[in-house]
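The values are calculated or read from the model by the stated rules, or taken from the named source; none is laboratory data. As the structure is a prediction and not an experimental result, all values here were calculated from the model. When we count neighbours, we look across all protein chains shown, and the Cβ atoms used for this are built from the backbone with ideal geometry, even at glycine. These area figures cover heavy atoms from the full protein model, side chains too; ligands, DNA and RNA do not enter into them. Shrake-Rupley method; radii C 1.70, N 1.55, O 1.52, S 1.80 Å.
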Amino acid sequence: MAQEIETDWSIDEFGAADLGDARRTARLVSLARQLAKSPHCSFPQSLPPAQLKAAYRFFDNDEVDTDGILTAHIGRTLERMRAIPVILAIQDTTEYNLTHLHATQGLGYCSDIRIRGFLMHSMLALTPEGLPLGVLGMKTWVRPLSEMGKKAIRKKLPIQGKESFKWIEGINHLTTLKAQCPETKIVGVCDRQADIYDLFVEPRAVGVEWLVRAAWNRCVSHSESYLWDAMQSVSPMGISSLHLPGRGTVPERTAQMEIRCAPIRIRKPSHSKIQGCAEVEVYAVWAIEIAPPVGHDPVEWMLLTSVETTTMEEALERLSWYARRWTIETWHRALKSGCQIEARQFGDVERFRRATALFAVIAWRILYATLLGRLDADVSCEVLLQRFEWQALYCRTHGVSTAPPDPPTLGEATLWIAKLGGYLGRKHDRPPGATVLWRGFLALHEISQMYLIFRKND
């Protein structure tokens, strides 16, 4: 049993972290293992007194940075990517609101100038089916209060001096990572904030592509002069159904989308400081809802991509790629709500940034478990759980003292874990989500530890 405990996920994802000192790496592994048991709890609730002091020293150490914390996990993510022909690298930015923590040092302003906190731009690797394979990169920063109200000055800066350069840095990061998975095509998927001409013309490695939702009605080399007008002149390729999940009080529905796609040449904006590159050819995919229900605005996506897109099948694939972008928002919610980042009392923004890198991987693991159980329910649950964990889960679920020799399927185990977290599993219930599975994993940890105690002499 002891050997099973030692070969856990925390060693896999953090054991080779590049922190410059073996003791720091060992501390990181220990913290990951302990905090993952109750990620929603405060440090004093999660850690014994001796480990609590060590945790605060670890996050207060200037020689510990987010890149070092994530090194091993990114390596493991790349290993998982090598087996997949196409990977979607989803980029997104979120902000952490720490306004209520008045004593916290080093905070900056956020999208609302009254909010104090810090920002994070991150990249998550997904399969085209939507399974998150891990974090590929993370950048955190603070907007200095001294720069508040100087938007006009910032507009005049070169792209390298603007926050929007983060999208180009993301593509460059993918070019660096591509050498470690040469057989995998990597597509960077971004929302409308990444509609930047500089990104379209940025050099990148062969096998690194991008897909961006358009925000600007750009000038194009076409008789219609502008992007939307030019695409309006393209004949529709067909109609496809798009399932729109419910949000809050808005019920789910199915939209009928008219699809157009065409290659198009985008002209360099007049304000661009790029030398040369007067035009760049991209592929545009336009999907717009036909006859939306009364009271609903039509759903519309105008996508631009470097990936050749000339057929209806290819256009639908690009649309499905972009639809996976919302997975990263779910991951961000897991970080904020599940890991309670914004409720922690660190006292200094640098400690927050280091802790966020650790909790990012913990949040990914829960999201991975949630979606893996949906996408590949028939595989053995040992792709996710250690042997003693599924044995404890089986005994608890079935009210028996001995588990069978063969592990249950992942789908079965996921459902049992969800029910530990309060999931009812009724006929018309949606599949269990990250929150209920998170609660189930917390219960499973306690059950597994008790199972080991009673079996230690077996």
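Looking at the range 111-158, which trypsin sites (Lys or Arg not before Pro) are DSSP coil and have at most 10 other C-beta atoms within 10 Å of their C-beta? Mind dumping the intermediate values first?
Values: sites: Arg114, Arg116, Lys139, Lys150, Lys151, Arg154, Lys155, Lys156; in loops: Arg114, Lys150, Lys156.
Sparse-neighbourhood loop trypsin sites (Lys or Arg not before Pro): Arg114, Lys150, Lys156.
For Ser164 and Glu308, compute 0.36 nm times the residue count separating them, minus their Cα-Cα distance, and round to one decimal in nm. Intermediate values should be presented prior to the final figure.
On the way: separation 144, 0.36 × 144 = 51.84 nm, distance 2.55 nm.
Result for the pair: 49.3 nm of gain on full extension.
Where the eigenvalues come from the Cα gyration tensor of the range 1-104, what are the semi-axes √(5λ) of the equivalent ellipsoid, largest first, in whole Å?
Values: eigenvalues 129, 90, 43 Å².
Values for the range 1-104, descending: 25, 21, 15 Å.
Which three extents, in whole angstrom, do the alpha-carbon atoms of the range 150-253 cover along their principal axes, largest first?
Projected onto the principal axes, the Cα atoms of the range 150-253 cover 40, 39, 38 Å.
Quick check: the angle from helix 165-178's long axis to the longest principal axis of the chain, C-alpha only, nearest 10 degrees?
For helix 165-178, the angle is close to 70 degrees.
Could you give the radius of gyration (one decimal) and Dmax (whole number) of the Cα atoms in the range 55-190, in Å?
17.3, 49
Return one whole number: the accessible area per residue of the range 228-341 in Å², for a 1.4 Å probe.
Details: 5810 Å² over 114 residues.
Per-residue value: 51 Å².
If exposed GluC sites (Glu not before Pro) are those in a DSSP loop with at most 11 other Cβ within 10 Å, what is the longest stretch of the chain that has none?
Values: sites that count: Glu63, Glu183, Glu252, Glu308.
Value returned for the longest uninterrupted segment is 309-458.
Please give the direction-averaged projected area of the C-alpha convex hull for the range 201-284, in square nanometres with one decimal.
Values: hull surface 33.6 nm².
Taking the Cα atoms of the range 201-284, their convex hull projects to 8.4 nm² on average.
To the nearest 20 debye, what charge dipole does the range 1-121 have about its Cα centre, counting +1 at the Cβ of each Lys and Arg and -1 at the Cβ of each Asp and Glu? Let's see the in-between values first.
Numbers: 12 positive and 16 negative charges, 63 e Å.
That gives the range 1-121 a dipole magnitude of about 300 debye.
Would you mind estimating how fast the chain diffuses translationally, via Stokes-Einstein at 25 °C and 0.890 mPa s with the Kirkwood radius over Cα pairs, in µm²/s?
Details: Rh = 24.2 Å.
D = 102 µm²/s.
Label Asn217 and Leu157 with points 7 Å out from Cα along Cα→Cβ: what is the distance between them in nm?
If labels sit at Asn217 and Leu157, their model points lie 3.1 nm apart.
From the residues Ile69, Ile84, Gly130, which one has its Cα farthest along the dipole of the range 58-152 in the positive direction, the dipole being from +1 and -1 charges on Cβ of Lys/Arg and Asp/Glu about the Cα centre?
Gly130
Order Met120, Met148 by their accessible area, 1.4 angstrom probe, all chains in place, largest first.
Working: Met120 0, Met148 65 Å².
From most exposed to least exposed: Met148, Met120.
Quick one: putting +1 on the C-beta of Lys and Arg, -1 on the C-beta of Asp and Glu, what dipole do you get for the chain around its Cα centre, in Debye to the nearest 20?
Working: 54 positive and 52 negative charges, 269 e Å.
Rounded to the nearest 20 debye, it is 1300 debye.
How high is the relative contact order of the chain? Use alpha-carbon pairs under 8 Å, at least six apart in sequence, and give a whole percent. Don't jump to the answer; show the numbers that get you there.
Numbers: 768 pairs, mean separation 65.8, N = 458.
Taking the mean separation of contacting Cα pairs over the length of the chain, I get 14 percent.
Rounded to two decimals, what ratio of Rg to Rh does the range 114-188 give with C-alpha atoms and a Kirkwood Rh? Please report the intermediate quantities before stating the final value.
On the way: Rg = 16.0 Å, Rh = 14.8 Å.
Rounded to two decimals, Rg/Rh equals 1.08.
Where the eigenvalues come from the Cα gyration tensor of the range 43-95, what are the semi-axes √(5λ) of the equivalent ellipsoid, largest first, in whole Å? Could the numbers behind the result be given before it?
On the way: eigenvalues 203, 38, 31 Å².
In descending order the semi-axes read 32, 14, 12 Å.
How large is log10 I(q)/I(0) at q = 0.16, 0.18, 0.28, 0.30 Å⁻¹ when the Debye formula is applied to the Cα atoms of the range 267-327, each weighted equally and without solvent?
Ignoring solvent entirely, the Cα scatterers give -0.71, -0.81, -1.13, -1.21.
So if I take the alpha carbon set of the range 11-52, get Rg, then get Rh from the Kirkwood formula, what is the Rg over Rh ratio? Could the numbers behind the result be given before it?
Values: Rg = 10.9 Å, Rh = 10.9 Å.
Here Rg/Rh amounts to 1.01.
Would you compute, from DSSP H runs of 4+ residues alone, the mean residue ellipticity of the chain at 222 nm, taking -39500 (n - 2.57) per run and dividing by the full residue count, rounded to the nearest 500? Walk me through the intermediate numbers first.
On the way: 16 runs with 178 residues, N = 458.
About -12000 deg cm²/dmol.
Which value in Å is the Kirkwood Rh of the range 289-446 over different Cα pairs?
Details: mean 1/r = 0.0535 Å⁻¹.
About 18.7 Å, per the Kirkwood formula over Cα pairs.
When only the heavy atoms of the protein chains count and the probe is 1.4 Å, how do Trp141, Trp321 rank by accessible area, highest first?
Numbers: Trp141 35, Trp321 5 Å².
From most accessible down to least: Trp141, Trp321.
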